[in-house]
Every structure is written in structure tokens, then in C-alpha cells.
Amino acid sequence: MRIPEENKNRAFDKGIVKNFIKIKYVFSWLSLALLCVVAFIPNRIRDFVAVLIASILSFLPLTPRRVAYANMRTAFPDLSAKECRALYRKSLAVGFSVTLAYAEPSVLPRFLLKRRWKLVGEENLNKALLLKKPIIFVAPHCFAIDRCGLYLSFCGINMCTMVHAQRNPVYDWFLNQQRLRFGGAVYERSSGLRTLIRELKNGRSCFFLPDEDLGRESSRFINFLGVPKATVSTLPKLAKVTDAVTMQLFSVYNLKTANFEVHFSKPFENFPSNDLEHDLSVMNQHIEQELLLHREQYMWFLRFFKTRPDESYPDIYENTHLSLLKKGKSIDYAARRRPFVENG
């Protein structure tokens, strides 16, 4: 499928790699070469190493751990400190396992890649495809999101996605060329929503990351795991303008089976409606249903609850930047769960 003419200058171009063949990027290239070698190590061995690394790092009071604990204490008030530590440790193990497998799609043959995917709810995907419309896949921030998302283009669905550029341009190129191995189009988020709309109207399907905290201006405060969260309000509008089917793709790396599980929900019913807040609640509820079953898959180190409804709600991340020598303030995590009703 061709890229719309208006989008051609915005789409990712694999050819830019020649700009990064420089001495200053030598360590970046060496690290990618190492990942390519690691891709051929049996996954059970890699996962054992990942669990070992996670067990060690989980004891270090680093900022990601503090952010993760703040999120967990807010989202799951009934979890004990011991249960929070166990969830964080398992989450780290999943994250490192996925990271050690990151180069697989670039170096492994198709038949080996196919063996690593397991589909859950494939009938829901088939049902959506029969509608002959573009599909918006709502994909929360799980560690295996790239690998599970790659299955769609692997099986022949024309895909496009918008991504946030990595700080390291070599890693950014590597990830994007990998996303395009089986076709599709990749754009930076700065390309704008119109770029995505053109692709959907052109017949491509796309990913939509629903759980980012992009601030107050582009969001509505909708409950997520019982917490009033700044929820991006774009999805219902995007689905309406493009007449797209909307469904969730939840990404799981199963440490027991060493498989990447792609979970497809049923297509959202009567979506969008004429009630924006109702539509956003439906979206969040779909995420919650899978997340509560696979808590360890989520990127808990991200600041999902950064934007507060107003100043009366506590900043749960206030202590995350402090050194070990400073005692932080006491934070009432339960107060961040207080119901919020927007005026007007």
C-alpha cells in the first residue's frame, strides 16, 4: 500500500542510517550487535538471566522503582509492601526478558518468529477484519508492545503507527526499521493527527496508545484503576472521523511459556457514541480488564498519574527524586483516588 502523497515527507525512511555511520555512535552499534548475538541464545537461558538481573536491581532504590511503587500504592491500595515488591520484581523480569529479545525480529527467520507468538482472541481479530474497515488497535504501555504489535504486519495487515523518537538516533533507527520489516509506515508524533487520519482513510490500520499522560489541555479526567487520570480524548474523535473499528491489543510476555501473547478484545460496541466521557470510560475499562489479569506486564515506572485534577490532590511522585539521605514527605496515596467531577 502506498503512503499518501501528503505524508511522504513525514514517513520514516530506512535510508537515513547512513547519517549514523560515525565514530561517535560506535558504542551504540556495538550494543545492537551484542543484542543480535543474544537473539540466537535459547530464550529460556535469556529469561533466566533476566530474572536474575531483575532480582538484583529490584533492591536498588532507583527512581524507576520509586515511581513504580507510587503507581502501585495508588492503583492498588490493598496491596501490601511485600506484594508491591514482588510485583515490581516480576515486572522487571518481564521487561528485561523482552529487552534481551529485542533484536529477534531483525535477525531471525519468519518461521522462528511465528513460533514465538501466541494469539488470544484471534476470532475477535477475524471478526474485525471481516468488516473491511481500518482498525484502531488500542495498545496500552506493556513491555512487549512492539513485538506483539509486529504480528499484525507479519500476518499481512497494512499498519501505520506514530512513535516518540528515541534520544539515541541509532536506537531510534533500529526500532523503526524493525517495525517496518513486514511493511507499513512509521511517523513521529510531531507529524500530527492529520497524518494519521490520512492513513486510516487510505485503508491502513493503526496503533493508539491510550494511557499516556499528555497533560490537562488534551485530556479528560476519567477513572483508571479507581484513580482520576488525565485521559487523552482523541480516540473517539479519531474513530468517528475515519469510520474505523476500535479494539484492544494487549501485549503479554509469558515467562512460563516464553511466548509473546497477543490478546485481542472484541471490537468496541457502539463506539464512538455521542458521549465523550462514556467512550473514554469504555476505553479505560477495556484496559483495566486485561491489566488486572496481567499486572506484571505494565510499565509501572511511567508517571501515569502525573497530571492532577486540581491542587487538592497529592502529587504521588513528590518523593521520587530524593536521595537516600533525605526523608521524603508523607503522601496520602488514597487521597489521589478521590472521585473528581469536572465542572461544566
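Values quoted throughout were computed directly from the atomic coordinates according to the rules given, and no laboratory measurement underlies them. Please read all numbers here as calculations on a predicted model, not as lab measurements. Please note: Cβ atoms are built from the backbone with ideal geometry, for glycine as well, and neighbour counts cover all protein chains shown.
Some values worked out for this structure:
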quantity	calculated
19 Å cut-off, amide nitrogen to a point 7 angstrom out along Arg115 Cα→Cβ, residues in the stretch 45-83	45-48
Entries in Lys90/Lys114; Lys90/Lys240; Lys90/Lys329; Lys114/Lys229; Lys82/Lys256; Lys201/Lys266 that, when Cα-Cα distance is taken, lie over 32 Å	Lys90/Lys240; Lys114/Lys229
Leading residue at positive end of dipole, the stretch 255-332 (Cβ point charges), from Phe305, Ile287, Pro272	Phe305
Proximal aspartates and glutamates to Lys14, defined as alpha-carbon separation beneath 16 angstrom and excluding residues fewer than eight positions away on the same chain	Asp172, Glu188
For the chain, with +1 on Lys and Arg beta carbons and -1 on Asp and Glu, the positive-most of Leu130, Thr195, Leu175 along the dipole	Leu175
Cα-based shape type of the stretch 61-131, given that a ≥ b ≥ c are square roots of the gyration tensor eigenvalues and the cut on a/c is 1.5	oblate
For the stretch 53-96: rounded, prolate or oblate by the Cα gyration tensor [a/c cutoff 1.5]	prolate
Sequence-separation-based contact order of the chain, relative, with Cα cut under 8 Å and 6+ spacing, percent	24
Value of [θ]222 nm, deg cm²/dmol, for the chain, DSSP H segments ≥ 4, -39500 (n - 2.57) each, nearest 500	-12000 deg cm²/dmol
Prolate/oblate/rounded call for the stretch 196-344, Cα gyration tensor, a/c under 1.5 rounded	oblate
Top positive-direction residue, dipole computed over the chain with Cβ charges, set Phe208, Ala39, Pro339	Ala39
Inter-label distance, nm, simple model (7 Å from Cα along the C-beta direction), Lys82/Asp315	3.4
FRET efficiency for Asn274 and Glu342, using Cβ-Cβ distance with R0 set to 22 Å, rounded to 0.05	0.80
